[in-house]
Each structure stands twice: as C-alpha cells, then as structure tokens.
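Encoded as structure tokens, the structure appears first; notes follow it.
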Amino acid sequence: MPFPPTTLTSRPRGRTSAGLTLTVAAALLLTGCTASGAPAAVTSTPSVAATIAPTGDGTLLIGTLFPMTGEAGVAVTGAAQVAGTELAAREILEQALPGTLPIQLVHRNSTGNAAVAVADLVARHVDLVLWDATSAVPAEVSASVVAAGIALLPLDDFTNGGTPLAADEAFAVRLRTSDPGLADTAGGGEAFDGVVLAALAAAEAGDDGGPSIAPALDRVSHGDSVCTSWATCRTALGEKKQIAYQGVTGRRS
C-alpha cells in the first residue's frame with residue numbers, strides 16, 4: 001500500500017530528521033498500514049461485563065404460591081409456609097439493621113388456577129415468587145414468572161430432594177406467633193429461609209428488582225463465609241464477604 005506523500009525538511013547530515021519521523025508516523029496512523037505495507041494490527045478493547053440495571057422501587061415485594069385448598073394434608077403445609085414467610089419478614093424488619101428494605105408479602109393459592117394466580121402476581125409487579133416446598137414448579141409457571149422478569153425461588157431447594165420436615169420445638173413456637181392455630185409446621189422452615197435468602201439477595205445486589213435478585217440468590221447461597229441468620233449474614237455482606245446462608249433447614253441445594 002503506497003504511503004501518502006511526506007514533507008521532508010532539510011537537516012544537516014548525520015542527524016535524524018524528527019520532521020520525517022513524525023510525518024511518517026502520522027501517515028502510518030492515518031492509513032492503517034505498517035512500514036512494510038501490511039495492514040496494521042487491529043486491537044480491540046476488552047468488553048465490559050454487562051451490568052443489570054436496577055429495577056427495584058425500594059420495597060421487596062414477594063409473591064407466594066402455596067397450597068391453600070385441596071386435600072387436608074396439602075392445605076396444612078400451605079398454612080405453615082404462609083406462617084414461615086410472615087415470621088421471617090417480621091423478624092427481619094424488627095431488627096431494623098441499616099439498609100433493611102421494607103418487605104411486603106402477597107399470598108396466592110398454588111392448587112387453584114395457577115395461571116390466574118401467576119398473572120395476578122405479575123400484574124402486582126412482585127420482585128420474587130416463592131413456590132411451594134412440597135412440589136416441583138410446573139414448567140408453565142416457571143416460564144411465565146421468568147418471562148416477566150421476576151425471580152423464582154422453589155422452596156424444595158431447601159428440602160434437599162426430600163419432603164419438608166416438621167419444625168423443631170423452638171422454631172415451632174416462633175411459627176405459631178404468626179399463626180397460633182397451626183396444625184402442622186412442615187414447610188414453615190423452608191418458607192422462612194426463602195424470605196431470608198431473598199432479602200439477602202436484594203441486599204447483596206443493592207437492588208430489589210427481580211433481574212438483580214435472580215442471580216444473587218446463588219451468590220448468597222454458595223459463598224465461602226457460612227452464616228446462619230439474617231443479622232449475621234447481613235453483617236458479613238457489609239464486610240464484603242461472600243456468604244453462604246444456612247438457615248433453619250440448612251444450606252440451599
């Protein structure tokens with residue numbers, strides 16, 4: 001590739017022509033060529049990892065889909081799960097740690113018309129949906145929730161492939177402060193842990209929007225700094241630690 005004309009300036013022999021050097025260098029930059037005539041190597045700027053734009057409004061709005069009708073045994077676990085979420089939200093807010101977001105819960109029936117229940121939660125712009133600890137999330141429910149930009153946390157993640165177990169005596173006493181008439185406490189621990197994990201994910205992400213919470217759920221579940229309560233985990237996050245929340249039911253699978 002021919003270079004553009006360069007202007008030479010008269011210099012005494014034996015000295016390098018600075019004018020020639022600068023002019024040729026400029027020509028190389030302008031033409032994209034090397035001194036040998038080959039195209040200059042193109043360097044690319046490393047791409048910056050995409051960040052998730054905050055979409056939260058300052059309130060962590062959690063929708064639940066628990067069984068509230070149907071067979072007696074199934075509906076009982078739904079009541080325990082509702083009590084677990086209410087207990088977790090109340091205890092988090094009562095501790096009033098710096099940066100704690102308000103938490104609101106919207107309960108819907110998973111054993112009724114699930115499509116209608118999901119549509120209602122989407123219309124209410126919930127940030128996260130907790131699904132029943134006693135069953136797998138139906139594919140159509142998962143697809144609808146995720147498509148709406150809502151984080152989804154199946155509570156059977158806390159059962160380690162098994163079924164919810166009844167709470168121990170100490171936790172059962174706490175559960176019944178939310179619902180004194182509970183006939184069974186199975187599922188309450190999983191629901192409690194789901195709310196705490198969601199609140200930790202929002203704190204870690206610095207945003208209560210679903211797109212931010214969804215990836216943060218894994219980050220606060222599988223770090224190298226184990227913590228067992230909202231307060232200890234929130235403090236660890238403030239110290240920039242990578243946490244692994246192990247709550248009432250242990251570590252999320």
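The values are calculated or read from the model by the stated rules, or taken from the named source; none is laboratory data. Not measured: the values here are computed from a predicted model. Neighbour counts run over all protein chains shown; Cβ positions are idealised from the backbone, glycine included.
Of note:
- Matching residues in region 83-104 - criterion: being assigned to a loop (DSSP other than H, G, I, E, B), over 13 Å from A231 (Cα atoms) and of a type in the set (A, V, I, L, M): L101
- Residues (buried (at least 22 other Cβ atoms within 10 Å of the Cβ) and modelled with pLDDT of 95 or more) located in region 159-184: L175
- Annotation note: Cβ proximity below 6 Å between a residue of region 123-144 that is on the phi < 0 side of the Ramachandran plot and a residue that is in a loop (DSSP other than H, G, I, E, B) and of a type in the set (D, E, K, R) (sequence gap 6+ or interchain) occurs for D127/D208.
- Pair list, Cβ under 7 Å, 6 or more apart: region 63-78 residue touching a residue at least 60 places away in the same chain (Cβ under 8 Å) and more than 10 Å from S110 (Cα to Cα), other residue of a type in the set (D, E) and not in a strand (DSSP E or B): V76/D184; T77/D184
- Residue within region 192-212 that is touching a Gly at 6+ places or on another chain (Cβ under 7 Å), assigned to a helix (DSSP H, G or I), among the charged types (D, E, K, R) and touching a residue at least 12 places away in the same chain (Cβ under 8 Å) present: yes
- Residue match in region 226-238 (condition: among the charged types (D, E, K, R), touching a strand residue (DSSP E or B) at 6+ places or on another chain (Cβ under 8 Å) and within 22 Å of L152 (Cα to Cα)): no
- Among the residues listed as G250, G223, G209, the single one being in contact with an Asp or Glu (Cβ under 9 Å, 6 or more places away or on another chain) and at pLDDT 95 or above: G209
- Single residue of region 137-183 satisfying the filter (in a loop (DSSP other than H, G, I, E, B) and acidic (D, E)) that is nearest to G73 (Cα to Cα): D179
- The residue that is surrounded by the fewest Cβ atoms within 10 Å (Cβ to Cβ), counting only those in region 109-118 that are closer than 14 Å to G70 by Cβ and either among the acidic types (D, E) or touching a residue at least 12 places away in the same chain (Cβ under 8 Å) (or both), is G112.
- Any hit, region 219-230, residues being surrounded by fewer than 19 Cβ atoms within 10 Å (Cβ to Cβ), among the hydrophobic types (A, V, I, L, M, F, W, C) and without any contact (Cβ under 8 Å) to a residue 60 or more places away in the chain: yes
- Selection within region 236-253 - of a type in the set (K, R), within 29 Å of A80 (Cβ to Cβ) and part of a loop (DSSP other than H, G, I, E, B): R252
- Hey, A186 over 16 Å from L97 (Cα atoms) and not in a helix (DSSP H, G or I) or not: yes
- The residue pairs whose first member lies in region 80-105 and is closer than 22 Å to G56 by Cα, whose second member is among the polar types (S, T, N, Q) and surrounded by 18 or more Cβ atoms within 10 Å (Cβ to Cβ), and whose beta carbons are closer than 9 Å, counting only pairs six or more residues apart or on different chains, are T85/T64; T85/S178; E86/S178; R90/S178; L105/T64; L105/T85.
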